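The structure appears right after this line, and notes come after that.
The values are calculated or read from the model by the stated rules, or taken from the named source; none is laboratory data. Remember, it's a predicted structure, so these values are computed and weren't measured experimentally. All Cβ positions, even for glycine, are placed from backbone atoms using ideal geometry, and neighbour counts span all protein chains on display. Ligands, DNA and RNA are stripped out before the accessible areas are found, and what is left, the full protein with its side chains, is counted by its heavy atoms. Shrake-Rupley method; radii C 1.70, N 1.55, O 1.52, S 1.80 Å.
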Amino acid sequence: MASSAKRRAVGLGENPEERDHSSEEESEDDGESGEEDSGESEEEINEEVMVDFEAHSITHNDFNGIKKLLQQLFLKAHVNTSEMTDIIIQQNHIGSVVRVTEVPEDSDDDDPDEVFGFISMINLTERKGVQCVEELKELVLEQCQKSSSEADYERLEKILSDSSKSVGLLLSERFINVPPQIALPLHKQLQEEIAEAQRTNKPSGRCHYCLMISKTCKEVSKNISRSGPRAAPKDELLFVNAEEEFFYENAVLKFNYSVEEEADSCLSGRWSFDDVPMKPFRTVMLVPSEKIPVVMDKLKEFLTV
């Protein structure tokens with residue numbers, strides 16, 4: 001798949017305001033050299049290159065790349081991402097990783113096998129008692145109790161503990177400079193693999209519910225009042241992985257919880273001062289398996305190149 005990817009400094013987790021202050025101090029010492037560095041940095045951030053992405057089967061060599069993307073999702077939450085990565089690798093008949101087809105000669109990326117994204121499904125019911133699975137369930141139940149209604153909490157707790165109707169954790173993570181069009185072939189392939197696993201009676205077969213945790217954010221606007229300007233979050237929920245909004249529309253249970261204290265920026269990236277400030281959230285969604293075909297139709301409609 002050929003896609004246009006905009007280069008951006010990602011994953012540094014810096015606070016833009018703090019970086020601005022430090023830059024001012026350094027510019028006093030460095031003089032003109034600081035201005036030159038700033039110009040070069042701005043040029044690099046705005047550089048646009050054409051990149052071809054390919055999906056590959058998951059291997060042991062993908063451990064660090066997958067774990068890094070899981071950490072981007074869970075941040076400081078108490079979930080064993082190493083163990084979860086091991087599970088994803090062990091059941092490599094389910095899921096894919098995304099790599100570039102060919103690294104450009106002028107690219108700064110030295111590793112042609114770098115993982116730019118991945119998709120997988122973990123059957124939480126079949127893996128009951130596994131540490132990372134129990135930690136994950138504890139996380140979503142705790143956040144549901146804090147952020148949603150008592151009825152939602154009781155329903156989610158009942159579904160997660162019901163061994164007769166399995167729940168699958170759908171994980172679809174990628175770097176923010178990978179375009180959403182890559183999601184369509186990944187999800188199509190995953191659904192085919194899940195159907196094959198179900199046909200051959202493998203534990204990772206189709207589940208009754210699909211549980212997702214999405215990276216989302218809300219715009220923080222400046223409201224003017226008598227006491228002066230103050231920041232207030234807007235209600236509109238923005239999805240970092242745009243296609244996950246279709247899962248959200250078909251979810252029977254959903255809630256948001258803030259991760260503002262765990263991340264310095266919404267997307268764990270370094271953004272220009274012209275960007276609108278965002279407050280980061282995680283959105284938990286529970287989608288019945290019978291709604292997945294509806295979601296897939298929406299993905300095909302909006303993401304077909």
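Here are some notes:
- Restricting attention to segment 77-95, the residues that are in a loop (DSSP other than H, G, I, E, B) and either modelled with pLDDT of 95 or more or crowded, with 17+ Cβ neighbours inside 10 Å (or both) add up to 7.
- The lone exception for Lys279 - which of (1) part of a helix (DSSP H, G or I); (2) modelled with pLDDT under 95; (3) not hydroxyl-bearing (Ser, Thr, Tyr) it fails: (1)
- For segment 139-155, residues that are in contact (Cβ under 8 Å) with a residue 24 or more places away in the chain and surrounded by fewer than 19 Cβ atoms within 10 Å (Cβ to Cβ) total 6.
- Scan of segment 113-145 for residues that are in contact with a helix residue (DSSP H, G or I) (Cβ under 9 Å, 6 or more places away or on another chain) and either of a type in the set (Lys, Arg) or closer than 14 Å to Leu253 by Cβ (or both), ordered by number: Arg127, Lys128, Lys137, Val140, Leu141, Cys144, Gln145
- Scan of segment 241-274 for residues that are among the charged types (D, E, K, R) and at pLDDT 65 or above, ordered by number: Glu243, Glu244, Glu245, Glu249, Lys254, Glu260, Glu261, Glu262
- Search result, residues across segment 163-183 that are closer than 24 Å to Gly205 by Cβ, in contact (Cβ under 8 Å) with a residue 12 or more places away in the chain and open to solvent by 20 Å² or more (accessible area, probe 1.4 Å): Ser163, Lys165
Results for (1) in a loop (DSSP other than H, G, I, E, B); (2) modelled with pLDDT of 95 or more; (3) closer than 27 Å to Ala197 by Cβ, shown as yes or no for each residue.
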position	(1), (2), (3)
Lys67	no, yes, yes
Arg99	no, no, yes
Glu102	yes, no, no
Pro112	yes, no, no
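- Extreme residue, surrounded by the most Cβ atoms within 10 Å (Cβ to Cβ), among residues of segment 201-235 that are within 23 Å of Gln143 (Cβ to Cβ), modelled with pLDDT under 95 and among the charged types (D, E, K, R): Lys218
- Exactly one residue among Leu238, Leu190 is in a strand (DSSP E or B), modelled with pLDDT of 85 or more, aliphatic (A, V, I, L, M) and more than 24 Å from Gln145 (Cβ to Cβ), and that residue is Leu238.
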